[in-house]
Each structure stands twice: as C-alpha cells, then as structure tokens.
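These notes concern the structure reproduced below.
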Amino acid sequence: MNHYQAIILALDNLGGEGTIGQVNDWINSNYPNTWKEAGTALADMVPMSLGGNRSSNVSEEFRILERVSPGRYRLFQKMESVK
C-alpha cells in the first residue's frame, strides 16, 4: 500500500468525493502515522487533461482524480488493484 492507494481508498470510502481534511482524517484513522498530509499528493493525482500539475511525477495509473473545487477532489475512475 502506498500513499496514492490510501488516498484512493479514502475517497472510495467517502463516497467517491471528499476534501483534503476528510481524506487526511480517514487515512490517519486507518493508517496512523504512516504518511504526511495528503494535499500535495491529491493535487498530483489530477491528470494534466483535467488541469493537473505538469511537474507531477505520479504515474498515470494513479492520476484518477478530478479537482471539484479548491481542496475538494473526486474519483473519476475506479482502480480495482487497490483493494
């Protein structure tokens, strides 16, 4: 399990959409003291075609989020290999 997989699980458990704070809370309650704050990772998981960061080095398989509004993200694609 890596940080990106944990973020996907968190959003999936939050109904497919959530804020940075909700994602952090879910991760911290399920994987305490494992990863730092998820804000940058969430932003890096948005593909360039949806306005994501060009400087992100996150692989395409994890770039499955859409920025709904500042600090709020949603899954636009399920990732079966996470579970």
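Of the numbered criteria (1) in a helix (DSSP H, G or I); (2) surrounded by fewer than 18 Cβ atoms within 10 Å (Cβ to Cβ); (3) at pLDDT 95 or above, the one Arg74 fails is (1). So is Arg67 in contact (Cβ under 8 Å) with a residue 60 or more places away in the chain and among the basic types (Lys, Arg) or not? Judged against the criteria, Arg67 is not a match.
The values are calculated or read from the model by the stated rules, or taken from the named source; none is laboratory data. This structure is a prediction, so every number in the text was calculated from the model and none was measured. Please note: Cβ atoms are built from the backbone with ideal geometry, for glycine as well, and neighbour counts cover all protein chains shown.
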